[in-house]
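To start, the structure itself, in structure tokens.
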Amino acid sequence: MKYINANAILPDMLVEELQKYVQAGYIYIPAKDDQHKSWGELSGYRKELHERNEIIIKKYRNGVSIEELAEEFYLSVYAIRKIIYRK
């Protein structure tokens, strides 16, 4: 999450009003429900994990053992099983 100085984006009057409640602290302002992004959507990490998991499944179906996959992808055997058996 990127922090932005309130003085840079808000009108002075609003900053003064906020300072009545919080000074030199952080305020989290949530996105509206219709604008909320799912985990990993902005960074692309969700897509990256999905692609990695598809590779793991494909390799497993082509005969690579769970133990070999765990070693190759630096995951536990348990994590590999979760990926493989989720479908």
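Where a number appears in this text, it was derived from the coordinates with a stated rule and is not lab data. None of the values given here were measured: they were computed from a predicted structure. Here the Cβ positions follow ideal geometry from the backbone for every residue, glycine too, while neighbour counts run over all protein chains shown.
Of the conditions (1) out of contact with any helix residue (DSSP H, G or I) (no Cβ under 6 Å at 6 or more places or on another chain); (2) assigned to a helix (DSSP H, G or I), ILE83 clears all except one; give me its number.
Here ILE83 meets the rest and fails (1).
Look through VAL22, VAL64, VAL15 and report the one residue that is β-branched (Val, Ile, Thr), surrounded by 10 or more Cβ atoms within 10 Å (Cβ to Cβ) and in a helix (DSSP H, G or I).
Values: VAL22 fails: in a helix (DSSP H, G or I); VAL64 fails: in a helix (DSSP H, G or I).
When all the criteria are applied, what remains is VAL15.
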